[in-house]
Amino acid sequence: MSNSPQSDTVSIALTGAGGAGVVTAGQMLLEAAATAGLYGLMARSSGPQIRGGESAAFVRMGPRTVTNLADAFDIHIAFDWLNVERFAAEIPLDPHSVVICDPSAGAVPEVIENSGARIVPVPLKDLTKEIPGGRVNMVGLGALANLIGLPEGTMASTLKKILRRKGEEALKASNAGVQAGRQAVAEMGVVRALTLPDKPPQTERWSITGNEAAGMGAVRGGVRFVAAYPITPATEVLEWLAPNLEKIGGLLVQAEDELASINMAIGGSFGGVPSLTATSGPGLALMMESIGLALTSETPVVVVDVMRGGPSTGIPTKSEQSDLNIALYGLHGDAPHIVTAANSVADCLFTTQWTVHLAEAMQTVGLVLSDQSLGQTRTIVDRPADEPFQAQRLVAEAPLENYRRYAVTDSGVSPMAIPGTPGGEYVADGLEHSPIGRPSSQTEDHMAQLDKRLRKILLHEYGDHWAEITGADAPETVIVTFGSSTGPVREAAEEATAWGLKVKVVSLRLLMPAQTTKFEEAIAGADRLLVVEQTHSRQFYRYLRAYYDLPRDVRVLNRPGPLPIRPGEVLSMLKEWS
Amino acid sequence: MDGAQTDEKLTAKQYKSDYRPVWCPGCGDFSVLSAITKAMAELQLKREDTAVISGIGCSSRIPAYTSVYGFHGVHGRALALATGVKLARPELTVIVTGGDGDGFSIGGNHFLHACRRNVDLTYVVMDNQVYGMTKGQASPTTASEWEGSKLTPHGTGVNPFQPLAVALAAGANFIGRQFSGDPNACAKLIAEAIQHPGFSFVQILSPCVTFRPEQREWKQTVHTAPVEPTSDPGRAGKRLMSDDGLNMGVLYVGGRPVFQPPEGTGATLADIEQKFTL
Ligand SMILES: Cc1ncc(C[n+]2csc(CCOP(=O)(O)OP(=O)(O)O)c2C)c(N)n1
Ligand code: SF4
């Protein structure tokens, strides 16, 4: 895509066996790019082994925010060929690509050969042997730095920063490795130059993963109690929260399972402390009954679901958007609740923070959808702005007389008494109840409480945050998407615009309650609608059909994980259609 | 309930709500409710600072019959819910109530981990060796040869669960047993359990007169444990493993440190954000 708006980015894949240190090298590369004033991201993919085994790091760098992987990699460095066929589909190469590989690793696999990429053997291992304490990933890093024109000073200062705790020896060995790598490919010159800014951006930039961002969004929103049960790929949300909550006077407790973690979070919230848990598909399935309890007892709670391939244990380490159905429809009974989706790594922060605010304001359940490709991707971004969304619960203050916890109000929200408040003593209940909270099986109570729980989420004013809309004002085609598919869709739309097509992108952040009127305004005038999602059964398309009026001409680009949607696929669909 | 706060002592009755229990006449749970409210009066717990948490079952209905804060959650998860309440609000007195099915079957895993975790909770299980609410099926504590349920017409053929021995092995810090037929003794035991730091487990034999009418005989068969409470887990273990299930009293009083959330460092959000800044 030489004439594309994103052609100023450089994409690199690093693969190798566990010991090769590809993730470390990828991280250093990203950090060095950041030091040079660039933005970028690093996604990772790993095999099924717990430790060791093959892994891959995918780095993309450029002068503006990078939200997704490109169509093809400019450079693939293979430290060895261990199980590379497992990754081959995730590493699209083309005749413009360069593959750096170690001749000692044996013959180049057919899948790589067939891509037409230029294959350049570099004796990475042999070069490493000559360096006392040398590591092969540093030699590879040096080669990459040279091939993309990363200034020597930038690399050196990055190494110094990252390795400052490892001691002089380690730093010396790493620098020597990088030098050896640079020299080994010096003759090739720069094959794919980074677009370096004259001076680094003046804005404060962060290095953050989606899972860390979700954690940070939670605490910005006011969450101070978290219950946790580890599960890939959500664990890092919890691992980030544990020490950081502690620092600010909050608490994370490790539960015995997800049945416990959701209930602990509900208990914490009943106690008046904004509470959250994070999980992935299997854990979400276990939590469902109790999520219904939170909703019915009107005890606010937020669950972050970092999606992975499903169903069942599925593909724990890889991304998919297929928990959409369970998030929307997984509760028994008529159970209106809030479902949001983060549309980028950085947006995991805002969306989580906003969802905490929504759940607390409406005393209901907020389910945040993220996924592996957002959660475990590290990105260099401008510091996410401070947003005013905080947990602000409508509480019942003493003195209270004849307190009615579930009073039927116009807004649907009733003041909640927090333990410690005299006169507010009530029993939160998952049994249907009367306005004072007594169990009731009567039609009127059921009707009134069902209406109330629905009303509060329908009447809430969600503002502009329900979706992120980009592109043409009077579009011919609207692309509707959500979550991690947003990045590639936006890139394709930008390209299409450069081609002269009129395209608008509507990325839904608020999936439930459906914002029907706003949606229909957003797509007004467009004859064509393209739906893009990473599911096998077109879950998102079916959801759109159920809740919104769509134009007659609708096409769907869908695919299950683990392969991400690529901008080029979206672009070709747009081109075909015009 | 009368909301006005006075300096006068609250009576047991004032810890009851005016809501009429759904229980069958003669159900042991009536006495347990009385015992719990007596214990509250004995300790003069502030109603607004007390929470009773339960799951689902006849016995789990108790929160609504008290005048303190309460949470009637889902089946089997009361201990997890209560753990969240107590950790988020350590100054509250948190009492967990429920049945043997709720606590040892569907909630069995939480029972083990609540004992281990040793959060300062008091867990009162009304054990009637049956699922009352769902009309009479065998529970984990039902004798293996009991043929009273259509679900297991030949008996369960499965060894009954030993809640006290399991609680001890899992690390509970206080273990006692009483019979609902002696509400004063129950109240005393519950009050002691509330005062004991850490996770306290109280089993109350509470007859289900509807599905296990033979349990009325407990009145004759229960007996005060012929031993002093011990703080030696070895001795307590021996005692509990050879126990006839009808020994009443405090059977173990441990001194394990209570689960303590860490102290904050006074950091601000800006401090923790710093780590992300390039
Ligand atoms: C998830 C779930 N499964 C099953 C039930 C049905 N159920 C309600 S109470 C109960 C057993 C209650 O027995 P126990 O805890 O011993 O209390 P009891 O009624 O005897 O006091 C069951 C199985 C339920 N409410 N929820
Ligand atoms: S069914 Fe048994 S446990 Fe339930 S209320 Fe009746 S007597 Fe009590």
- Query: Given the pairs A:Lys160/A:Lys318; B:Lys9/B:Lys38; A:Lys125/A:Lys166; A:Lys125/A:Lys172; A:Lys452/B:Lys16; A:Lys125/B:Lys275, which are separated by over 24 angstrom at their Cα positions?
  - Reply: A:Lys160/A:Lys318; A:Lys452/B:Lys16; A:Lys125/B:Lys275
- B:Phe259 long-range amide H proximity, modeled H, under 5 Å: B:Val119, B:Asp120
- What are the aspartates and glutamates whose alpha-carbon lies under 20 Å from the alpha-carbon of A:Lys456, with same-chain residues fewer than 8 places away excluded? A:Glu298, A:Asp334, A:Glu360, A:Asp410, A:Asp429, A:Glu432, A:Glu444, A:Asp445, A:Asp464
- Query: Given A:Thr535, A:Val570, A:Ala524, which one lies farthest toward the positive end of the charge dipole of the range A:463-577, if we put +1 on the Cβ of every Lys and Arg and -1 on the Cβ of every Asp and Glu?
  - Reply: A:Thr535
- Message: Can you give the FRET efficiency to the nearest 0.05 for A:Leu450 and B:Asp271, using r as the Cβ-Cβ distance and R₀ = 45 Å?
- Response: 0.50
- Task: Report the residues of the range A:524-552 in range of a label on A:Tyr329: point 7 Å along Cα→C-beta, backbone N strictly under 20 Å from it.
- Result: A:531-550
- Taking the Cβ-Cβ separation of A:Ser411 and B:Glu91 as r and a Förster radius of 35 Å, what is the calculated FRET efficiency to the nearest 0.05? 0.65
- Item | Relative contact order (%) - the range A:207-382, alpha-carbon pairs under 8 angstrom, separation at least six | 31 percent
- Report the net charge of residues surrounding A:Leu163, where surrounding means a beta-carbon distance below 15 angstrom and charges are Lys +1, Arg +1, Asp -1, Glu -1. +4
- Message: Students often check this: by mean Cβ neighbours within 10 Å, which of B:10-18, B:68-76, A:249-257 ranks highest, and how do the rest follow?
- Response: B:68-76, A:249-257, B:10-18
- Which of the aspartates and glutamates could a cross-linker span from B:Lys238 if the Cα-Cα distance has to be under 17 Å and same-chain partners fewer than 8 positions apart are dropped? B:Glu228
- GluC sites (Glu not before Pro) lying in DSSP loop within the range A:429-464, provided at most 13 other Cβ fall within 10 Å: A:Glu461
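Explain nothing, just the number: relative contact order of chain B, from Cα pairs under 8 Å at least 6 residues apart, as a whole percent.
17 percent
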- Message: Mean-square fluctuation check for chain B, GNM, Cα pairs under 10 Å: which of B:Ala51, B:Ala225, B:Ala35 is largest?
- Response: B:Ala225
- Query: Short version: ³J(HN,Hα) in whole Hz for each residue of the range A:222-235, in order, from phi by Karplus 6.51 cos²θ - 1.76 cosθ + 1.60 (θ = phi - 60°), x for Gly and Pro, what are they?
  - Reply: x, 5, 10, 9, 9, 10, 9, 9, x, 7, 6, x, 9, 3
- Task: Please list the non-local residues whose amide H lies under 5 Å from the amide H of A:Asp371, H modeled 1.01 Å from N, same-chain partners needing a gap of 5 or more.
- Result: A:Met307
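With each run of n ≥ 4 DSSP H residues scored as -39500 (n - 2.57), what mean residue ellipticity at 222 nm is computed for chain A after dividing by its residue count and rounding to the nearest 500 deg cm²/dmol?
-10500 deg cm²/dmol
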- The local net charge around A:Glu85, scoring Lys/Arg +1 and Asp/Glu -1 for residues other than A:Glu85 whose Cβ lies under 15 Å from its Cβ, equals -4
- Query: In whole Å, what is the distance between the alpha-carbon centres of the range A:190-225 and the range A:529-578?
  - Reply: 29 Å
- Message: Show me the trypsin sites (Lys or Arg not before Pro) within the range A:1-86 that DSSP assigns to loop and that have at most 12 other Cβ atoms within 10 Å of their Cβ.
- Response: A:Arg51
- Query: At a Förster distance of 25 Å, what's the computed FRET efficiency of A:Arg438 paired with A:Val395, Cβ-Cβ distance as r, to 0.05?
  - Reply: 0.70
- Message: With θ taken as phi - 60° and the coefficients 6.51, -1.76 and 1.60, list the Karplus ³J(HN,Hα) couplings across the range B:8-23 in order, rounded to whole Hz; mark glycine and proline as x.
- Response: 5, 5, 7, 8, 4, 4, 6, 8, 9, 8, 8, 8, 7, x, 7, 5
- In a GNM of chain B with a 10 Å cut-off on Cα contacts, which of B:Asn173, B:Asn128, B:Asn109 has the highest mean-square fluctuation? B:Asn109
- Task: Using only atoms on other chains, find how many Cβ atoms lie within 10 Å of each Cβ of peptide A:46-55 and report the average.
- Result: 0
- Peptide-level mean, for A:247-256, of C-beta atoms on other protein chains within 10 Å: 6
- Task: Note down the net charge around A:Pro109, summing +1 for each Lys or Arg and -1 for each Asp or Glu among other residues with Cβ under 12 Å from its Cβ.
- Result: -3
- Message: Could you tell me which residue out of B:Leu246, A:Ser434, A:Ser297 lies farthest along the dipole of the protein assembly as shown toward its positive end? Charges go on the beta carbon: Lys and Arg +1, Asp and Glu -1, centred on the Cα centre.
- Response: B:Leu246
- Other chains' Cβ within 10 Å of B:87-96 residues: what's the mean? 5
- Whenever you get a sec, line up A:Glu258, B:Glu91 from highest to lowest accessible area (probe 1.4 Å, protein heavy atoms). B:Glu91, A:Glu258
- Expressed as a whole-number percentage, the relative contact order of the range A:103-239 with C-alpha contacts under 8 angstrom and at least six residues apart is 24 percent
- Task: Could you pull out every residue, at least 5 positions away or on a different chain, whose amide H is within less than 5 Å of the one on B:Phe174? Hs are placed 1.01 Å off N in the peptide plane, and Pro or chain starts have none.
- Result: B:Phe201, B:Gly254
- Message: So for each of A:307-314, A:277-284 I average, over its residues, the number of other beta carbons within 10 Å; can you give me the resulting order with the highest mean first?
- Response: A:277-284, A:307-314
- How much of A:Val381 can a 1.4 Å solvent probe reach, expressed as accessible area in Å² and rounded to 10? 10 Å²
- Item | Label-point separation in nm, B:Leu43 to A:Leu458, each point 7 Å along Cα→Cβ | 4.5 nm
- Which value at 222 nm does chain B reach when only helices count, each DSSP H run of 4 or more adding -39,500 (n - 2.57), with the total divided by all residues and rounded to the nearest 500 deg cm²/dmol? -7500 deg cm²/dmol
- Note, ³J(HN,Hα) from phi for the range A:502-516, Karplus 6.51, -1.76, 1.60, rounded to Hz, x at Gly and Pro: 9, 10, 10, 10, 10, 9, 7, 9, 9, 8, 9, x, 5, 9, 4
- Straight-line reach check, B:Lys150, cutoff 21 Å on alpha carbons, 8 or more apart in-chain or any other chain, hits among lysines -> B:Lys135
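The values are calculated or read from the model by the stated rules, or taken from the named source; none is laboratory data. Source: prediction; values computed, not measured. Neighbour counts are summed over all protein chains in view; Cβ atoms, including those assigned to glycine, are modelled from backbone coordinates with ideal geometry. To get the accessible areas, we keep the full protein, side chains included, count just its heavy atoms, and leave off ligands, DNA and RNA. Shrake-Rupley method; radii C 1.70, N 1.55, O 1.52, S 1.80 Å.
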